[in-house]
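Notes for the one structure printed next.
The values are calculated or read from the model by the stated rules, or taken from the named source; none is laboratory data. All of these numbers come straight from a predicted model, not from anything done at the bench. Here the Cβ positions follow ideal geometry from the backbone for every residue, glycine too, while neighbour counts run over all protein chains shown.
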Amino acid sequence: MHYLPVTWQSYESLDALEGYNLDNLGGSDSFREGMRWPDYLAGYEAEWHPYVEAVRHAIIEGQVWAGGDWHQYNPQGAPVVAGVHFMGCGYRSWGDLMAAVWSSELNRDFSYMDFYMDVRLPARPFG
């Protein structure tokens, strides 16, 4: 499958972009243990699926295992899709996104609290 290109930049730089914040368009603010990626993706209209899937793919490919604080304060912590739309999350919604991605990828239950902040992260399952 071909995914849209994703680059990573600082959270604070997102204000200069003219695209949409994907976090405001869907997802799940009630991602619970036992749910998987399709549950999260169902919160988005179909037109946004390619953008959100590109973010998912970039997280997996880059083995991003990080909390909401990393997302907001790392100079390359915020994904931007196709140079336009972006994922700028609060700590909780970043946790939902990460739990959805890794629950499906690792077939293991996670909740948003696992990825809320770096200090709460479960042991990294890869090198």
Query raised in the report: LEU4 passes all but one of (1) at pLDDT 95 or above; (2) of a type in the set (A, V, I, L, M, F, W, C); (3) assigned to a loop (DSSP other than H, G, I, E, B); (4) out of contact with any strand residue (DSSP E or B) (no Cβ under 9 Å at 6 or more places or on another chain); which number fails?
Result: (4)
Query raised in the report: Does ASP15 fit the bill of being surrounded by fewer than 18 Cβ atoms within 10 Å (Cβ to Cβ), under 23 Å from PHE126 (Cα atoms) and not hydrophobic (A, V, I, L, M, F, W, C)?
Result: no
**Report entry** Test for GLU105: is it over 28 Å from GLU18 (Cα atoms), exposed (fewer than 14 other Cβ atoms within 10 Å of the Cβ) and over 12 Å from the mean Cα position of the chain (by Cα)
**Finding:** no
Query - Any hit, the stretch 96-103, residues being farther than 21 Å from GLU12 by Cα and among the hydroxyl-bearing types (Ser, Thr, Tyr) - result: yes
Report task. Keeping to the stretch 68-90, report how many residues are within 17 Å of ASN24 (Cα to Cα) and surrounded by fewer than 17 Cβ atoms within 10 Å (Cβ to Cβ). Result -> 2
Report task. Would you check if there is a residue in the stretch 24-34 being modelled with pLDDT under 95 and in contact with a strand residue (DSSP E or B) (Cβ under 9 Å, 6 or more places away or on another chain)? Result -> yes
